[in-house]
Amino acid sequence: MFRFPPTFLFGTATAATQIEGGCATSDWSAFARQPGRIKRGDTPDVACDGWRRWPEDVALQRTLGLGAYRLSIEWARIEPRPGEIDRAALDTYRSMLGALRDAGIEPMVTLHHFTLPLWMAERGGVVAPGFAERLARFARLAVDALGDLCRLWITINEPNVLAAHAYLLGAWPPAQRSLSAAVRAHYGLLEAHVAAYRTMKEARGDAALVGVAHHLRITEPQRPGNRGDRMAARAFGHVFNDAFADATCDGRMYGALDALVRPSSGFRVPEARGTQDFFGINYYSRDVVRLSMKHAAELFVARAVPPGAELSDVGWEIYPQGLGQIVRRWARQSGLPIYVTENGIADASDSKRGPFLVRHLAELARAIADGVPVRGYFHWSLLDNFEWSEGYRPRFGLVEVDYATQERRPRESARLYSRIARERILPE
Ligand code: GAL
């Protein structure tokens, strides 16, 4: 039996576009209208109708006895046209955060969770000159308007995933397929994170604790005895998993390449060193990789799951040990407190989510017992929601959403998580 410290946060996570609905001014709502972009033609137009039903969702979390909630605020909604601020939208977010606080739920707010105002996307998005300043200005607006209600902030969610899906694999807007564009996007996001971090700290000091939600995977060679596979694993680990996180901890991103990147702003990677107050980890799965000539565009890396592995509905391996390895490694490297800002599973039948939760929390319990400063865990997700280009089919929610009626039905795993969060004890 393990007892979690009294200050440990048990929470859930969502993102604006995936649950809110009703925002026509974002790049994703435009993208979803293009035929063939999203499976089955799904769009985020309604999603979980969270923009109207949020009081119900706060009440649900209170009923479940959860102590924290990670949400994102939709830049496209707050600044629908450049410089034009929708005060009513900010007021709605204020009400949301106030209601969470009243319910004893600590909010963590993400500024940028994959989506952009359409006008920003049209000007070149994350690779546009001036993107960093724009995001920093939005960050300033957010902390000025909401800072008294929120202490924990994420500047950017999963910069590596965004760079890869949007600029290398062509699956997300702006649907490019170029390694050099992906590398530029990765740098652009780093510069924007640094600018946002500094602005928020200037405005709020230690009243705002600011981090990044890093997407980190376990990467292993498919055939450990094969030199090519080992190289592929190292390359993928360095470029995809580590580069951004290394930059924020140590001021190094791609090593020698860093010096070649000279954005017009004059930003240099070493300036990123020390730009986090805590280290956020989104952890889902493990890949085994091999060297593949057919995957030139992806650094010659082909990814797979180990034969016989236990899988989620979307084919990701369930690999709890990986979470333990990752929190230990990054606590050491960053020297910062750790929050698991996302971890979850697509499991429509809810037969695997309970054991998944317990096994991942057990990894955290062992790490905490060994002195690793893990401060909280946010399960992805509170609700079933819009899973980007996969549409609504994957079911990540502790709470099932009936999209026809918008009825919320807590699954068995929600009851289990609720019990763990209340008792702070992990069952054997
Ligand atoms: C993360 C992402 C979330 C959610 C989740 C499940 O990569 O931050 O928005 O989609 O994965 O796939």
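The values are calculated or read from the model by the stated rules, or taken from the named source; none is laboratory data. Quick caveat: nothing in here was measured; it's all calculated off a predicted structure. FYI the Cβ positions are ideal-geometry reconstructions off the backbone, even for glycines, and counts take in every protein chain you see. In case anyone asks, the SASA skips ligands and DNA or RNA and just uses the protein heavy atoms, side chains included. Shrake-Rupley method; radii C 1.70, N 1.55, O 1.52, S 1.80 Å.
So the values come out like this:
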quantity	calculated
For Ile338, distant residues with modelled amide H under 5 Å away	Phe279, Val374, Arg375
The chain: C-alpha gyration tensor shape, a/c 1.5 cut-off, then a/b vs b/c	rounded
Distant-in-sequence amide H partners of Ile154 (H built 1.01 Å from N, under 5 Å)	Val109, Thr110, Leu111, Gly211
Per-residue [θ]222 nm for the chain (sum of -39500 (n - 2.57) over DSSP H runs n ≥ 4, rounded to 500)	-11500 deg cm²/dmol
Kyte-Doolittle mean at least 0.0 and Cα axial length at least 18 Å: DSSP H helices in the chain	131-146, 353-369
Proximal aspartates and glutamates to Lys201, defined as alpha-carbon separation beneath 13 angstrom and excluding residues fewer than eight positions away on the same chain	Asp144, Asp277
Rounded to 5, percent antiparallel among DSSP beta bridges of the stretch 275-379	40
Note, ³J(HN,Hα) from phi for the stretch 280-290, Karplus 6.51, -1.76, 1.60, rounded to Hz, x at Gly and Pro	x, 10, 9, 10, 10, 6, 10, 10, 9, 10, 9
Debye, to nearest 20: dipole size of the stretch 291-379, +1 on Lys, Arg Cβ, -1 on Asp, Glu Cβ	340
Beta bridges per DSSP with both ends in the chain, % antiparallel, nearest 5	25
Nonlocal amide H pairs with Phe2, under 5 Å, H built at 1.01 Å	Leu426
Inter-probe distance in nm under a simple model that places probes 7 Å from Cα toward Cβ, at His238 and Asp206	3.8
Cα centre as origin, Lys/Arg/Asp/Glu Cβ charges: the chain dipole, Debye	820
Set of the stretch 81-110 residues, backbone N closer than 13 Å to the point 7 Å along the Cα-Cβ line of Arg137	81-85
Where labels lie 7 Å past Cα in the beta-carbon direction, separation of Arg62 and Glu122 in nm	4.2
Relative contact order (%) - the chain, alpha-carbon pairs under 8 angstrom, separation at least six	18
Ranked order, Glu317, Glu220 - accessible area, probe 1.4 Å, largest first	Glu220, Glu317
Relative packing of 152-159, 264-271, 413-420, which averages over residues the other C-beta atoms within 10 Å, highest first	152-159, 413-420, 264-271
